[in-house]
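Peer 1: Attaching a single structure in structure tokens format; questions to follow.
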Amino acid sequence: MSTHDFKLYIDGAFVEAGATFESTDPASGEAWARMPAADAADVDRAVRAAHRALNDSAWAELTATQRGKLLTRLGDLIATNAAELAALETRDTGKIIRETSAQIGYVAEYYRYFGGLADKLEGAHLPVDKADMEAYVRREPIGVVAAVVPWNSQLMLAAVKLGPALAAGCTVVLKASEDGPAPLLAMARLVHEAGFPPGVVNIITGFGEECGRTLTAHPLVARVAFTGGPSTARHVVRNTAENLAYTTLELGGKSPVLVFEDADLDSTANAVIAGIFAASGQSCVAGSRLLVQRSVRDRMLAILAEKARLIRIGNPQDRATEMGPLATGRQLAHIEATVAASIAAGARLVTGGRRPESHPTGNYYEPTILLCAGNEVPCAAEELFGPVLSVIAFDDEEEAVALANDTAFGLASGVFTASLTRAHRMIRRLHAGIVWVNTYRAVSPIVPFGGYGQSGLGREAGAESIRDYTRTKSVWIRTSDEPIADPFVMR
Ligand code: NAD
């Protein structure tokens with residue numbers, strides 16, 4: 001794999017873009033690579049290539065089993081090159097090498113899973129209510145897919161789109177974020193090596209307004225799979241008013257973690273810490289609101305504060321580092337402003353709340369815990385996408401559920417309790433697409449992922465997700481040998 005020569009991958013070729021931009025290393029704040037910025041003409045070329053490839057016999061006539069084998073091969077190549085992809089993601093986004101290595105190793109499993117699923121996608125024979133008819137339903141690829149991802153966990157977020165899309169027989173234009181596009185642009189070499197016919201997978205990057213808009217509004221795009229923020233999602237939905245593309249949205253969250261007094265507090269604290277401070281809090285499922293029973297609030301806060309202070313902040317490329325910088329200076333500025341506004345609104349700073357003295361350059365911010373009176377405080381209300389935990393106390397189950405559900409989001413949630421019956425009561429009542437009980441952040445290619453409310457539309461991963469990349473064709477066959485009666489002759 002060649003790494004530092006970043007180009008667009010369109011129609012099976014590595015090509016220059018209409019413009020370029022510099023990518024910044026979040027740990028040093030210095031520009032480290034020149035990236036291609038796809039303009040409207042580049043996007044149009046990529047979509048046209050995908051559209052041509054969709055019906056080209058090199059792809060359209062492959063059996064589902066053959067498509068599955070290509071996906072499995074891509075998974076194997078990703079596994080073989082995981083170290084290099086992880087180093088690139090760490091360099092370009094600041095996500096620590098421990099996390100990128102572990103995640104990219106697992107991304108290979110997503111391609112293997114969808115590779116295996118390709119020839120298990122079945123149509124249906126229907127017991128139609130007409131004696132001289134057969135009816136059945138075929139599942140066909142929906143068409144050209146525009147896959148748009150943000151910078152965090154981008155190989156994973158690309159896998160849950162490319163996997164089912166290609167298994168179903170679609171072709172794809174994948175847009176990497178303009179923040180940290182290196183690993184996805186590098187992955188194009190592996191797509192090429194896996195042997196997908198030209199145009200089946202195109203990988204581009206560029207800015208949202210030109211590249212993202214042109215792609216999601218393109219008349220030849222039939223399906224949009226978007227992951228990103230809720231305000232961008234609204235632009236995407238407006239864009240698809242042009243092409244009426246079937247659209248799924250994976251958006252943000254303000255996920256609650258409920259801790260009851262009967263939970264093992266030490267073990268729970270480890271899950272809470274991982275839930276909010278992993279990836280420096282830049283995770284859509286970040287457990288950013290800790291709802292803790294009042295009787296154990298102070299003990300829980302003391303344990304969490306001690307663990308938070310011990311987190312080793314440092315160079316993301318260093319394996320000993322436990323928390324790295326934020327991906328962009330923009331993120332850092334937003335977090336600083338929201339923490340200040342939250343303190344002004346009455347939140348009590350328990351720990352953190354500033355840039356670490358040890359790392360004055362780069363986008364570093366200390367693991368931060370704020371005690372809040374309720375959900376109205378800005379840090380408890382807004383998705384911060386940073387290492388900031390808002391803690392709110394509750395007295396009983398009713399209050400815990402009311403606080404948990406008092407948000408427009410509904411991506412994930414966590415429940416920590418020793419009581420099986422309480423866990424089931426909470427599972428039923430929480431408004432969220434994911435409920436983790438006595439654990440947090442578990443994901444798998446086999447388990448659907450997605451949210452309620454403002455957290456999005458549709459689900460990714462899991463066997464059902466492949467259906468979202470198909471459309472059905474209903475087939476009627478007359479089985480009678482009798483001539484069809486003349487409709488205008490009265491009998
Ligand atoms: P973002 O919404 O700013 O950008 C996401 C992508 O959309 C980028 O590739 C961007 O270039 C593109 N884009 C921007 N404007 C566009 C437009 N007008 N038309 C089409 N595309 C456009 O998101 P971000 O700040 O990079 O990422 C953080 C957000 O992503 C957070 O809200 C986070 O919760 C969310 N997220 C969700 C999940 C999930 O699976 N639910 C996973 C990771 C991140």
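The values are calculated or read from the model by the stated rules, or taken from the named source; none is laboratory data. This structure is a prediction, so every number in the text was calculated from the model and none was measured. Cβ coordinates were reconstructed from backbone atoms using ideal geometry, including for glycine residues, and neighbour counts include every protein chain displayed. All accessible areas refer to the heavy atoms of the entire protein, side chains included, with ligands and DNA or RNA removed. Shrake-Rupley method; radii C 1.70, N 1.55, O 1.52, S 1.80 Å.
Peer 1: Hey, among V401, V435, V415, which residue is open to solvent by less than 30 Å² (accessible area, probe 1.4 Å) and part of a strand (DSSP E or B)?
Peer 2: Only one candidate passes the filter, namely V415.
Peer 1: Filter the stretch 157-182 down to residues that are in a strand (DSSP E or B) and not aliphatic (A, V, I, L, M), then give me how many there are.
Peer 2: Result for the stretch 157-182: 2.
Peer 1: Further, regarding this structure: Could you please let me know if G458 is open to solvent by less than 80 Å² (accessible area, probe 1.4 Å) and in contact with a His (Cβ under 8 Å, 6 or more places away or on another chain)? Can you show your working first?
Peer 2: On the way: open to solvent by less than 80 Å² (accessible area, probe 1.4 Å): yes; in contact with a His (Cβ under 8 Å, 6 or more places away or on another chain): no.
Here the answer is no, as G458 does not meet what is asked.
Peer 1: Here's something else I'd like to know. Checking R425 against (1) closer than 23 Å to V259 by Cβ; (2) in contact (Cβ under 8 Å) with a residue 40 or more places away in the chain; (3) assigned to a helix (DSSP H, G or I), only one condition comes out false. Which one?
Peer 2: Among (1) closer than 23 Å to V259 by Cβ; (2) in contact (Cβ under 8 Å) with a residue 40 or more places away in the chain; (3) assigned to a helix (DSSP H, G or I), the lone unmet condition for R425 is (2).
Peer 1: Also, I was wondering about something else. Which strands (runs of 3 or more DSSP E) sit wholly inside the stretch 1-68 and have at least 2 residues that are closer than 30 Å to P360 by Cα and open to solvent by less than 60 Å² (accessible area, probe 1.4 Å)?
Peer 2: Once the strands (runs of 3 or more DSSP E) in the stretch 1-68 are filtered for at least 2 residues that are closer than 30 Å to P360 by Cα and open to solvent by less than 60 Å² (accessible area, probe 1.4 Å), what remains is 19-24, 31-37.
Peer 1: Does any residue in the stretch 225-242 that is over 11 Å from P150 (Cα atoms) come within less than 6 Å, Cβ to Cβ, of a residue that is crowded, with 22+ Cβ neighbours inside 10 Å and of a type in the set (G, A, S) six or more places away or on a different chain, and which pairs are these?
Peer 2: These pairs meet every condition: A225/A147; P230/G252.
Peer 1: Hey, could you check the stretch 445-491 for residues that are touching a Leu at 6+ places or on another chain (Cβ under 6 Å) and of a type outside the set (G, A, S) and say which is farthest from L251 (Cα to Cα)?
Peer 2: Checking each candidate, the answer is I466.
Peer 1: Which condition number in (1) modelled with pLDDT of 95 or more; (2) crowded, with 23+ Cβ neighbours inside 10 Å is the one that N270 fails?
Peer 2: (2)
Peer 1: Related question: How about the stretch 160-186: which of its residues are more than 9 Å from the ligand (Cβ to nearest atom), under 24 Å from A17 (Cα atoms) and either among the aliphatic types (A, V, I, L, M) or surrounded by fewer than 24 Cβ atoms within 10 Å (Cβ to Cβ) (or both)?
Peer 2: L162, V172, V173, L174, A182, L184, L185, A186
Peer 1: Here is a further query. Look through R213, R189 and report the one residue that is more than 9 Å from the ligand (Cβ to nearest atom), among the basic types (K, R) and open to solvent by 10 Å² or more (accessible area, probe 1.4 Å).
Peer 2: Among R213, R189, only R189 is more than 9 Å from the ligand (Cβ to nearest atom), among the basic types (K, R) and open to solvent by 10 Å² or more (accessible area, probe 1.4 Å).
Peer 1: What number of residues within the stretch 443-491 satisfy the criterion of being over 19 Å from L411 (Cβ atoms) and in a loop (DSSP other than H, G, I, E, B)?
Peer 2: Here is the first cut: in the stretch 443-491, the residues over 19 Å from L411 (Cβ atoms) are 463, 466-467, 469-491.
Subsequent filtering for residues that are in a loop (DSSP other than H, G, I, E, B) retains 479-491.
Summing the residues that are over 19 Å from L411 (Cβ atoms) and in a loop (DSSP other than H, G, I, E, B) in the stretch 443-491 gives 13.
Peer 1: Within the stretch 216-334, considering only helices (runs of 4 or more DSSP H) that don't extend past its boundaries, which have at least 3 residues that are away from the ligand (no atom under 16 Å from the Cβ)?
Peer 2: Filter on the stretch 216-334 gives 265-277, 297-310.
Peer 1: Of these, A186, A278, which one is out of contact with any strand residue (DSSP E or B) (no Cβ under 6 Å at 6 or more places or on another chain) and outside the structural domain of W59 (by TED's automatic domain parsing)?
Peer 2: Sole residue among the options that is out of contact with any strand residue (DSSP E or B) (no Cβ under 6 Å at 6 or more places or on another chain) and outside the structural domain of W59 (by TED's automatic domain parsing): A278.
Peer 1: Do you know which residues across the stretch 192-209 are near the ligand (Cβ under 9 Å from one of its atoms) and in a helix (DSSP H, G or I)?
Peer 2: Matches in the stretch 192-209: G208, E209.
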